[in-house]
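The values are calculated or read from the model by the stated rules, or taken from the named source; none is laboratory data. The structure displayed is predicted, hence computed values, not measured ones. All Cβ positions, glycine included, derive from the backbone under ideal geometry; neighbour counts span all protein chains shown. Quick note on the areas: whole protein, heavy atoms, side chains included, nothing else; ligands and nucleic acids left out. Shrake-Rupley method; radii C 1.70, N 1.55, O 1.52, S 1.80 Å.
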Amino acid sequence: MRGDDDAALTAPSPSATAAIALRRSESLASIVLREMERMILSGELKAGARISEQNLAQRLGVSRGPVREAASALERSGLLTSIANRGVFVREVSPEELLELYDMRALLTGFACQRLARSATAEQKAALRRMVDQMAAALKAGDGPAYYQGNLDFHDALMDFAGHRKAAEIYDTLLKQAHLSRREVLSKSAMMQESDAEHVAIVEAIEAGEADRARKAGERHVLNGRVRLLKRLGQRPTA
């Protein structure tokens, strides 16, 4: 059910205000866009929450214009949705759409891993190995939030190191739309352990320079995430 979180957004945000004050050389709308996106992806603005231009403008210490521009950009990227005669809301992603996002992410992840197996530098391989080790440490310590953030950083690194700007842009859009639901999918230790083993398989294939193996490992990892989602939803995994 959709909620109205307007009241929770009226308090001043010192960090946001400071960030805006320090970056006047940037477009004000781009700064507001980044802060609103952060609020959505962190769960501060939850799926179904109504967006109030006036309250957000007051919180960020700006006029309503930059908030309106940022909201339009976030609607184009799929994070917000406009409902006639009701307003603008943080978009809720249906289970069916979320499964489709996994399918597309699998293709892009496999593509990035294949490229990396062919071109990764020693420094990039070492960075990926460190990330895997850090996630293993977080898992051992039972630190779910640290593991989740490490997982995001690992996938960002795969796309960044692959050196394909357009693929990275598309992946980033898909990931942001799936973000909140994916946090729930990785909330159980058993699921994190499965995910961690798959990360290791990806890095090993990249380190070995085996492009086809790396592609399959990358695709399998994301598609296994799709299976974990279905289990979380109580549904039978499908092809």
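Taking Gln149 and the conditions (1) open to solvent by 60 Å² or more (accessible area, probe 1.4 Å); (2) at pLDDT 95 or above, which numbered condition does it fall short on, given that it satisfies the others?
(2)
At pLDDT 90 or above, farther than 17 Å from Ile170 by Cα and surrounded by fewer than 18 Cβ atoms within 10 Å (Cβ to Cβ) - does that describe any residue in region 35-47?
No, region 35-47 contains no residue that is at pLDDT 90 or above, farther than 17 Å from Ile170 by Cα and surrounded by fewer than 18 Cβ atoms within 10 Å (Cβ to Cβ).
Say we look at region 66-96 and pick out the residues that are at pLDDT 90 or above, open to solvent by less than 60 Å² (accessible area, probe 1.4 Å) and among the polar types (S, T, N, Q); which of these is nearest to Leu230 (Cα to Cα)?
Among those residues, the one meeting the criterion is Thr81.
Can you go through Val93, Val67, Val88 and tell me which one is β-branched (Val, Ile, Thr), within 23 Å of Glu169 (Cβ to Cβ) and either in contact (Cβ under 8 Å) with a residue 12 or more places away in the chain or in a loop (DSSP other than H, G, I, E, B) (or both)?
That would be Val93, the only listed residue that is β-branched (Val, Ile, Thr), within 23 Å of Glu169 (Cβ to Cβ) and either in contact (Cβ under 8 Å) with a residue 12 or more places away in the chain or in a loop (DSSP other than H, G, I, E, B) (or both).
Regarding Ala162, is this residue buried (at least 18 other Cβ atoms within 10 Å of the Cβ), modelled with pLDDT of 95 or more and touching a Leu at 6+ places or on another chain (Cβ under 6 Å)?
In short, yes.
Among the residues of region 106-114, are any hydroxyl-bearing (Ser, Thr, Tyr), in a helix (DSSP H, G or I) and either at pLDDT 95 or above or open to solvent by 50 Å² or more (accessible area, probe 1.4 Å) (or both)?
Yes - at least one qualifying residue is present in region 106-114.
Farther than 25 Å from Ala178 by Cβ and at pLDDT below 90: which single residue out of Ser52, Ser30, Ser15, Ser63 fits that description?
Ser15
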